[in-house]
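One structure below.
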Amino acid sequence: EPEVTQTPSHQVTQMGQEVILRCVPISNHLYFYWYRQILGQKVEFLVSFYNNEISEKSEIFDDQFSVERPDGSNFTLKIRSTKLEDSAMYFCASSELTNLGADTQYFGPGTRLTVL
Amino acid sequence: AQSVTQLGSHVSVSEGALVLLRCNYSSSVPPYLFWYVQYPNQGLQLLLKYTSAATLVKGINGFEAEFKKSETSFHLTKPSAHMSDAAEYFCAVEGGSYIPTFGRGTSLIVHP
C-alpha cells in the first residue's frame, strides 16, 4: 500500500540553524500538508500546498518557514533560523484531488525536531 | 469556525471491555469528521471518517463511530478492547475547508 515517507526520523539542531525536513507524498496525490505536534499537545496545521503554491497557512507559519516541491516527488519544509519552541514532531500529509475537493489526508511517520 | 473537544486525556480499560472515546465538535457548516490513531513513534493513521452518508461509520480494527447531529458528537467505540489498541486517538473535524482541526487526543490504556 502506498504511504507517505519522511526523512530524517529525528533531527537535532542548534538554535539559529536552518533545517530542512523532507517528505515524499503518495505519488498520485496533489495536495500536500505540513503539521506539527509539540510534545503533549494537539496536532496543529501549518500549511497546505497545491499546484506549486501555498493554498492555506496558519498563523504559526510565519516568515521563518517555507515549503517547496523541488522535483516531482519531494515536498520540503524549511525552517530558516530555528528557535527552541520549534522543537516538535512535524508531520507531512498528502491527499488526492476529487470532484469534491481534497480527499482524506494520509500522514507520514513524522520527523522529530529537537532544537538545543 | 470549527473546533473539537475530546473529553478525557486518558481512558483506561481492561482487555475485552468496551472502549468509548468521546468527541464533540463545533462547525458552522455540515462537517466531515475523522478519527485517527497514533501508535508510539508512528504517524497518524485514519481509523474512519464521516462524510454525510450513513451516520454509523465502521472503520478498521473493529472500531466504529456514530454521528449525532443533535448532540454534536462523534464518539468512537469498540466492543472489546485488545492490548494492541493502546495508542493515542485523535478526533478531527473539517467544516468547509480541507484543513482538519484536531482535538487534543485521548490516550487509550488497555490493562491485561
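The values are calculated or read from the model by the stated rules, or taken from the named source; none is laboratory data. Fair warning: this is a prediction, and the values are worked out from it, not measured in the lab. In this analysis, Cβ positions are derived from the backbone assuming ideal geometry, glycine residues included, and neighbour counts consider all displayed protein chains. In case anyone asks, the SASA skips ligands and DNA or RNA and just uses the protein heavy atoms, side chains included. Shrake-Rupley method; radii C 1.70, N 1.55, O 1.52, S 1.80 Å.
How big is D, in µm² s⁻¹, for the stretch B:28-94 by Stokes-Einstein at 4 °C and 1.567 mPa s if Rh is the Kirkwood radius over C-alpha pairs?
Diffusion coefficient, whole number: 104 µm²/s.
Restricting everything to alpha-carbon atoms, can you work out Rg to Rh for chain A with a Kirkwood hydrodynamic radius?
0.95
Which residues belonging to the stretch B:12-50 lose at least 50 Å² of 1.4 Å-probe accessible area when the assembly is complete, relative to their chain isolated?
Residues shielded by partner chains are B:Leu44.
At a 1.4 Å probe radius, which order do A:Asp71, A:Asp63, A:Asp86 fall into by accessible area, largest first?
Largest accessible area first, the residues go A:Asp63, A:Asp71, A:Asp86.
Using a 1.4 Å probe on protein heavy atoms, which residues of the stretch B:79-112 have at least 50 Å² less accessible area in the complex than alone?
Correct list: B:Tyr98, B:Ile99, B:Phe102, B:Arg104.
Would you work out what percent of the accessible area of the stretch A:32-80, with all protein chains in place, is carbon or sulfur (probe 1.4 Å)?
So the carbon and sulfur contribution to the accessible surface is 38 percent.
If only Cα atoms are counted, what is the Rg of chain B, and what is its Dmax, in Å?
13.3, 42
Roughly how large is the B-A contact in terms of buried accessible area, totalled over both chains, probe 1.4 Å, nearest 100 Å²?
Chain pair B/A: roughly 1600 Å² of buried accessible area.
Write down the accessible area per residue of the protein assembly as shown in Å², having rolled a 1.4 Å probe over the full set of protein chains.
49
For chain B, which whole-number percentage of the solvent-accessible area (1.4 Å probe, protein heavy atoms only) is attributable to carbon and sulfur atoms?
The value for chain B is 53 percent carbon and sulfur by accessible area.
As I understand it, the dipole of the stretch B:14-79 uses +1 on the Cβ of Lys and Arg and -1 on the Cβ of Asp and Glu, about the Cα centre. Which of B:Val19, B:Thr55, B:Pro79 lies farthest toward its positive end?
Of B:Val19, B:Thr55, B:Pro79, it is B:Thr55.
Quick one: check the C-alpha center-to-center distance for the stretch B:20-69 versus the stretch A:41-116, whole angstrom.
Cα centroid of the stretch B:20-69 versus Cα centroid of the stretch A:41-116: 22 Å apart.
Between the chain alone and the structure with every protein chain in place, find the residues of the stretch A:34-80 that drop at least 10 Å² of accessible area; heavy atoms, 1.4 Å probe.
Checking the loss per residue gives A:Tyr35, A:Gln37, A:Gln41, A:Lys42, A:Val43, A:Phe45, A:Glu56.
What do you get when you divide the Cα radius of gyration of the protein assembly as shown by 2.2 N^0.38 Å, with N the number of residues?
So the protein assembly as shown has a normalised radius of gyration of 1.02.
I'd like to know which of A:Gly110, A:Ser66, A:Pro25 lies farthest towards the positive end of the charge dipole of chain A, counting +1 on Cβ of Lys and Arg and -1 on Cβ of Asp and Glu.
Farthest towards the positive pole: A:Gly110.
Students often check this: by mean Cβ neighbours within 10 Å, which of B:11-23, B:38-50 ranks highest, and how do the rest follow?
B:38-50, B:11-23
Filter the GluC sites (Glu not before Pro) in the stretch A:29-94 down to the DSSP loop ones having no more than 13 other Cβ atoms within 10 Å, then list what survives.
Passing both the DSSP loop test and the Cβ count: A:Glu59.
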